[in-house]
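Below: one structure, written as structure tokens.
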Amino acid sequence: MMILEDSIKTLKGVGDKIAGFYEKLSLKSLWDLLFYFPRTYLEFPKPIDSLADICDGEIVALRICIQESPKNRKTGKMDITTLNTFVENVPVNMVWFRSPYIKSQLNLHNTYIFYGVIKSDGPYRKKMEQPVIYTEEKYAKELLSVQPIYGLTKGLSNNQIKKNVSDIVNSLEMEEFLPNDLLKKRKLESFSYALKQIHFPNTFDSLCQARQRLVYNEFFAFFLNMEMTKTKEEDVPNHFKLLKNEYYQKCLDGLPFALTDGQKTCLSEVMDDFNGEFVSQRLIQGDVGSGKTIIAFLLMTYMVENGYQAAIMAPTEILATQHYHTFLKYIEDYDLPFEAILLTGSKTMKEKRMVYEKLASDTPCYVIGTNALIQEKANYDSLGLVITDEQHRFGVKQRDAFRKKGKGPFTLVMSATPIPRTLSMILYGDMNISVISDVPAKRLPIKNAVIKQKDVPTAYQFIYKEIRLGRQAYVICPLVEASEKTESENVTDYGKKLRQYYQDTVSVGVLHGRMTAEEKASVMEDFAAQKIDVLVSTTVVEVGVNVPNASVMLIENANRFGLAQLHQLRGRVGRGEHQSYCIFVDSSKEDKNKRLDVISHSNDGFYIASEDLKLRGPGDFYGIRQSGEFDFSLGDIYQDAPVLKIASEDVKELLSSDPRLSLDEHAKIKEYLYHLNQHQYTNL
Ligand code: ADP
Ligand code: MG
């Protein structure tokens with residue numbers, strides 16, 4: 001008997017070696033593999049009799065009645081088989097290598113389907129190399145099938161994965177956990193059918209049905225987790241004594257800029273919360289650069305002056321450190337009699353112990369850190385406010401863990417993910433929502449350009465000019481080091497290349513995630529202090545980094561990044577009063593990359609997200625991954641919004657009748673959720 005918890009090694013033909021390859025994909029148990037869904041599917045195109053509308057390089061199935069026999073010849077040691085055919089008077093030459101037997105397979109005046117890539121062969125002719133030959137009947141069968149294509153790693157073939165998954169699917173019957181009437185009501189397929197079809201679809205339609213069911217599962221589990229772990233707002237009366245606002249006001253009055261309307265509204269909404277009857281949670285949504293940090297600082301100041309601790313958690317050490325320095329500067333500027341404490345994972349044990357002691361003492365202070373703030377050892381004396389910055393980079397679990405650190409603190413989560421309000425209301429349960437929809441007035445819109453690799457030297461000269469004007473630049477590369485797998489640019493070699501290019505006229509720094517925390521911090525400090533002119537970096541600067549003097553960003557291999565990520569990256573420039581520029585290098589072979597076209601024509605996160613959705617065809621099964629927060633493997637909060645809505649309703653209804661899922665008829669749901677959490681949330 002197979003058990004899902006069993007190791008992949010229990011599968012027939014999987015030994016240590018293959019299990020080792022699987023482990024590279026983080027696949028260890030049968031469950032892992034069963035939920036390792038195909039990356040995409042191979043569908044056969046309908047046979048065609050004409051080459052109109054067909055571009056070079058397209059995969060086609062040509063229906064051809066052959067009028068000549070194939071010819072075999074030898075070039076050196078190589079057997080070559082050729083066949084001259086015509087498609088509507090256009091000559092199409094078929095070529096096969098090392099396949100002399102083909103000659104005997106084809107009968108004159110018979111019709112076959114030739115499946116392969118069509119290419120130009122001179123101005124008037126076309127050719128196909130190694131086309132696969134089908135009879136019409138056989139091809140008709142292929143047309144109906146949809147083949148799974150899995151994400152691979154070196155040593156692991158698609159066939160290997162197919163075989164192993166098929167062994168699991170065929171000998172394991174997944175038990176249904178949803179009530180029958182719910183399945184009927186929502187027209188959902190059974191769990192076990194869905195799992196079979198997602199891997200081995202009978203037809204495209206059955207694949208869509210399967211996906212629908214599994215997406216429903218993901219959302220259903222998400223809402224169950226959310227609802228079952230949340231403390232209801234009404235549960236926690238506002239016991240905080242918030243009477244003073246001297247320093248809060250002092251900071252407000254002393255700001256070097258006028259707050260935007262969005263910032264003002266947001267502040268007053270949170271202030272109303274603070275004065276409310278119950279402790280509340282609020283989402284603050286604002287596009288990159290809308291000025292969320294100062295909001296956090298002001299609100300934290302208010303809490304601190306009233307005698308409480310206020311903490312802000314950032315997703316990266318770089319960002320936490322930056323916030324810490326920003327806060328120190330504000331404290332100095334406004335002459336505030338409060339302390340700021342930084343807690344990150346890379347502190348020594350001794351340093352950490354000192355921080356822990358402070359947190360447990362009754363000194364009101366600003367606390368800034370990474371997820372070290374929610375580790376077990378961090379215990380707080382009197383948390384009044386917890387803020388999760390860049391919430392889209394954290395999981396819901398972390399947000400909740402943070403809140404549970406205090407005795408019911410006010411909670412703010414700040415996010416730049418552009419989610420329509422109706423969706424936010426569902427996804428964030430009963431949180432209140434504030435939206436900062438404007439950006440500071442003085443800011444000039446970023447100017448964008450898409451260039452090909454041959455024009456990169458011109459971009460270097462442009463960067464040079466900006467630097468001479470006193471500005472700074474980012475260059476983003478996808479990789480840390482050279483890789484055998486892709487030709488993408490890497491930070492290490494690129495840094496050397498740029499140093500050579502600029503000689504001593506420009507100072508070039510390098511930043512990536514594999515450096516130690518100290519190295520990273522020191523590079524960021526040097527960049528902020530303008531000791532570095534050009535920072536060559538991986539996407540570690542993607543979130544939150546704020547160096548307003550930087551005015552140019554050059555993104556290498558921009559075509560390899562997702563739109564949401566490009567938008568976040570670009571948000572590193574255009575943060576000050578200087579005109580800023582973002583240059584996207586398109587290293588693809590296409591004439592025009594559609595996604596780069598979208599991003600270079602808009603700086604608006606909402607618009608970009610909606611265009612992203614439009615660019616995705618019906619065959620795009622996987623989420624846009626706008627957000628690590630809602631880390632669904634299949635579900636896409638935008639595309640699958642209707643499913644999201646019904647799953648949320650169903651969970652609410654279920655829990656209203658059985659809040660702890662203690663009824664016998666719901667035991668299977670509970671069991672499923674338990675399994676899922678075991679597998680998914682092992683990191684926290
Ligand atoms: P984000 O919303 O992306 O976190 P930040 O809080 O980092 O943005 O703000 C970006 C920059 O804009 C910072 O340098 C900040 O000081 C500045 N800033 C914030 N609010 C305003 C404002 N109302 N007017 C001008 N500049 C502002
Ligand atoms: Mg920010």
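The values are calculated or read from the model by the stated rules, or taken from the named source; none is laboratory data. What you see is a predicted model; the values in this text were computed from it and never measured. Cβ atoms come from the backbone with ideal geometry, glycine included; neighbour counts cover every protein chain shown.
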## Note on the structure
Within region 403-425, the residues that are in contact with a helix residue (DSSP H, G or I) (Cβ under 9 Å, 6 or more places away or on another chain) and more than 16 Å from ligand 2 (Cβ to nearest atom) are Lys404, Lys405, Gly408, Pro409, Phe410, Thr411, Ile419, Pro420, Thr422, Leu423
### Query
For the subset of region 260-291 comprising residues that are within 16 Å of ligand 1 (Cβ to nearest atom) and hydroxyl-bearing (Ser, Thr, Tyr), which member is nearest to Ala564 (Cα to Cα)?
Ser290
### Task
Kindly indicate whether any position in region 325-340 is at pLDDT below 95 and more than 22 Å from Asp526 (Cα to Cα).
no
### Message
Based on this model, can you work out whether Lys196 counts as in contact with a helix residue (DSSP H, G or I) (Cβ under 8 Å, 6 or more places away or on another chain) and over 18 Å from Leu654 (Cβ atoms)?
### Response
yes
### Task
Working only within region 144-174, note down all residues that are exposed (fewer than 15 other Cβ atoms within 10 Å of the Cβ) and of a type in the set (Asp, Glu).
Glu173
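Sort out for me the helices (runs of 4 or more DSSP H) sitting completely within region 290-398 that have 2 or more residues that are within 16 Å of ligand 2 (Cβ to nearest atom).
292-305, 317-333
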### Task
Can you confirm whether region 241-259 contains a residue that is among the basic types (Lys, Arg), more than 12 Å from ligand 1 (Cβ to nearest atom) and closer than 25 Å to Glu542 by Cβ?
no
### Task
May I ask you to list the residues in region 169-200 that are free of Cβ contacts under 8 Å to residues at least 24 places away in the same chain and among the acidic types (Asp, Glu)?
Glu173, Asp181
### Task
State yes or no: is Phe257 surrounded by fewer than 19 Cβ atoms within 10 Å (Cβ to Cβ) and over 25 Å from the mean Cα position of the chain (by Cα)?
yes
### Within region 543-559, tally of residues that are modelled with pLDDT of 90 or more and either away from ligand 1 (no atom under 15 Å from the Cβ) or within 27 Å of Asp636 (Cα to Cα) (or both)
7
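Take the residues of region 552-579 that are small (Gly, Ala, Ser) and crowded, with 24+ Cβ neighbours inside 10 Å: which is farthest from ligand 2 (Cβ to nearest atom)? Quick ask: steps written out before the conclusion?
Initial filter on region 552-579 (small (Gly, Ala, Ser)): 558, 562, 564, 571, 574, 576.
Those still in the list that are crowded, with 24+ Cβ neighbours inside 10 Å too: 558, 571, 574.
Working: Ala558: 22, Gly571: 9, Gly574: 14 Å.
Checking each candidate, the answer is Ala558.
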